[in-house]
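I have placed the structure first, in the form of structure tokens, so that the comments after it can refer back to it.
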Amino acid sequence: MKQNKLRNDCAMRPVISNLSHNPGADIIRYARNKPDVMALGQGQGSSATPDFICQAAQRAMDEGMTFYDAVLGRDELRDEISSYYQRIYGLDLPMERLFVTGSGTTAMHLALTALLDKGDEVVAVTPIWKNLLGAIEMAQANTIQTPLDNIDGNWSLDLDKLFDSCTDNTRAILITTPSNPTGWMMSHDEMRAVLEFTRKRGIWIIADEVYTRIVFDGVHAPSFLEVADDDDNLFVVNSFSKNWAMTGWRLGWLVGPRSTEDAIRDIVLYNNMGVPTFNQFGAIEALRHGEDFLKDQIGLWRANRDMVRDRFKDNERISINYPPATFYNFFRVQGQHDCMQLAKNLIDQAGIGLAPGCAFGKAGGGHMRLCFAIDKEPMIEALDRLESYVGR
Ligand SMILES: Cc1ncc(COP(=O)(O)O)c(C=O)c1O
């Protein structure tokens with residue numbers, strides 16, 4: 001009788017056991033339990049979710065909204081997202097194109113799961129948030145990194161370089177705009193050019209627009225949804241996390257062509273059957289009444305962005321950038337190219353935990369990312385500590 005090949009029962013699938021390691025997570029672990037370290041390495045503000053959002057979820061719980069709900073989100077929320085796009089972007093997106101997800105990260109996984117076969121390629125504009133690269137790895141696809149160009153902290157994309165990176169195996173182009181960690185934003189003209197290219201080649205665009213509202217001029221960043229047709233091969237990822245201080249709620253949404261609704265519903269059904277019912281009532285309130293909160297947050301973050309610039313613009317030991325969007329500064333310290341070592345030094349010698357640039361793909365190497373979404377006083381303290389390390 002043929003014997004089954006012996007398997008080590010503890011072994012994970014190779015795709016999981018071979019996941020590339022995550023330098024950002026390493027640094028967070030390194031800083032954990034060290035006394036008096038300011039944690040500015042993670043991408044979230046220091047404000048808690050506003051009361052009016054929490055109360056809506058609490059009311060829903062009190063009223064017994066504790067049962068399974070519609071797999072792609074309750075109609076009331078999908079409809080509210082549609083109204084939000086109408087109000088903020090002047091766009092007409094029917095709720096059949098709007099899928100509520102258990103976070104922006106989940107929205108990305110859904111898009112990738114729907115599109116990718118083993119061995120497909122995703123061309124990703126980098127530097128990019130490491131978790132997105134991890135999600136591609138988990139989908140057993142290959143990533144081709146196309147780096148932004150960087151001249152003195154001003155990041156830009158060479159479209160020819162992006163298009164030249166695409167091969168016959170390319171299934172999707174992944175663009176985060178505005179970009180975590182650089183703050184770079186793609187223009188409408190660049191988006192049109194990418195759309196034209198992908199239409200010709202039958203490639204999908206996956207746009208991560210999680211930071212689309214965190215801009216320091218205007219109300220929102222350019223969105224692919226403004227230039228695309230309804231049935232273009234386009235998925236747009238969005239989230240409640242950053243705009244309304246809801247990182248712990250794990251709520252986001254995915255926009256896709258109408259034709260993808262059934263596929264996405266199936267994937268969610270076999271995954272976790274949708275998002276928590278009562279949380280959705282908080283999300284509805286955030287969309288309906290969250291503009292003042294967001295405006296206040298952006299006011300604080302703008303002041304912090306400017307504070308970083310004012311502190312370091314004449315300091316030759318550090319090259320900071322001046323991002324038009326997001327709440328990150330992505331900088332270099334002169335003469336320090338090993339960002340893992342630098343991250344550890346900053347923890348041990350200056351008491352600040354920042355994200356190492358190599359966590360954002362090859363193009364991020366040598367940089368550090370500072371999240372400035374904190375209150376004014378701790379911001380001043382953090383800059384004092386950074387300055388004490390780099391020198392004046
Ligand atoms: C570019 C980008 N996309 C997605 C996310 C995750 O958002 P969520 O909290 O909704 O999963 C982040 C979080 O830092 C991010 O930077």
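Restrict the check to the stretch 183-205 and report whether at least one residue is surrounded by 24 or more Cβ atoms within 10 Å (Cβ to Cβ), outside any loop (DSSP other than H, G, I, E, B), within 18 Å of the chain's Cα centre (by Cα) and among the hydrophobic types (A, V, I, L, M, F, W, C). Looking for residues that are surrounded by 24 or more Cβ atoms within 10 Å (Cβ to Cβ), outside any loop (DSSP other than H, G, I, E, B), within 18 Å of the chain's Cα centre (by Cα) and among the hydrophobic types (A, V, I, L, M, F, W, C), one finds none in the stretch 183-205, hence no. For the stretch 314-328, state whether one or more residues are among the aliphatic types (A, V, I, L, M), in contact with a Gly (Cβ under 6 Å, 6 or more places away or on another chain) and within 16 Å of the ligand (Cβ to nearest atom). Yes, the conditions are met somewhere in the stretch 314-328.
The residues in the stretch 271-283 that are assigned to a loop (DSSP other than H, G, I, E, B) and within 10 Å of residue 71 (Cβ to Cβ) can be counted, and the count is 4.
Out of the stretch 323-364, which residues are under 19 Å from the mean Cα position of the chain (by Cα) and farther than 18 Å from residue 26 by Cα? Matches in the stretch 323-364: 323, 324, 325, 326, 327, 328, 329, 330, 331, 363. Scanning the stretch 212-242 for residues that are more than 10 Å from the ligand (Cβ to nearest atom) and closer than 23 Å to residue 272 by Cβ turns up 235, 236.
Which one of 133, 115 is under 30 Å from residue 273 (Cβ atoms), touching a residue at least 60 places away in the same chain (Cβ under 8 Å) and more than 15 Å from the ligand (Cβ to nearest atom)?
115 is the lone residue from the list that is under 30 Å from residue 273 (Cβ atoms), touching a residue at least 60 places away in the same chain (Cβ under 8 Å) and more than 15 Å from the ligand (Cβ to nearest atom).
The numbered conditions (1) surrounded by fewer than 23 Cβ atoms within 10 Å (Cβ to Cβ); (2) away from the ligand (no atom under 12 Å from the Cβ) are all true for residue 250 except (2). When residue 242 is tested against (1) crowded, with 17+ Cβ neighbours inside 10 Å; (2) closer than 21 Å to residue 76 by Cα; (3) of a type in the set (Lys, Arg), only condition (2) is not met. For residue 243, indicate whether it is closer than 18 Å to residue 145 by Cβ and either in a loop (DSSP other than H, G, I, E, B) or modelled with pLDDT of 95 or more (or both). Judged against the criteria, residue 243 is not a match. The set of residues from the stretch 100-112 being within 12 Å of residue 237 (Cβ to Cβ) and more than 8 Å from the ligand (Cβ to nearest atom) comprises 101, 109, 110, 111, 112.
Counted as qualifying within the stretch 284-392 are the helices (runs of 4 or more DSSP H) with 2 or more residues that are free of Cβ contacts under 8 Å to residues at least 12 places away in the same chain, namely 291-312, 376-390.
Exactly one condition in (1) of a type outside the set (Gly, Ala, Ser); (2) crowded, with 22+ Cβ neighbours inside 10 Å; (3) closer than 19 Å to residue 52 by Cβ is not met by residue 255; state its number. Going through the list (1) of a type outside the set (Gly, Ala, Ser); (2) crowded, with 22+ Cβ neighbours inside 10 Å; (3) closer than 19 Å to residue 52 by Cβ, residue 255 breaks only (3).
May I ask you to list the residues in the stretch 206-232 that are more than 27 Å from residue 372 (Cα to Cα), surrounded by fewer than 21 Cβ atoms within 10 Å (Cβ to Cβ) and either modelled with pLDDT under 95 or touching a strand residue (DSSP E or B) at 6+ places or on another chain (Cβ under 9 Å) (or both)? Within the stretch 206-232, just 232 meets the criteria.
Quick check on this structure: which one of 65, 61, 95 is surrounded by 13 or more Cβ atoms within 10 Å (Cβ to Cβ), over 30 Å from residue 358 (Cα atoms), touching an Asp or Glu at 6+ places or on another chain (Cβ under 6 Å) and not small (Gly, Ala, Ser)?
95
Checked against the criterion of being closer than 17 Å to residue 73 by Cβ and among the acidic types (Asp, Glu), the candidates 226, 209, 190, 261 yield just one match: 261.
Once the stretch 9-47 is narrowed to residues that are within 16 Å of the ligand (Cβ to nearest atom) and of a type in the set (Gly, Ala, Ser), the residue that is nearest to residue 365 (Cα to Cα) is 24.
The values are calculated or read from the model by the stated rules, or taken from the named source; none is laboratory data. Treat the numbers as computed from the prediction; the structure is a model and nothing was measured. All Cβ positions, even for glycine, are placed from backbone atoms using ideal geometry, and neighbour counts span all protein chains on display.
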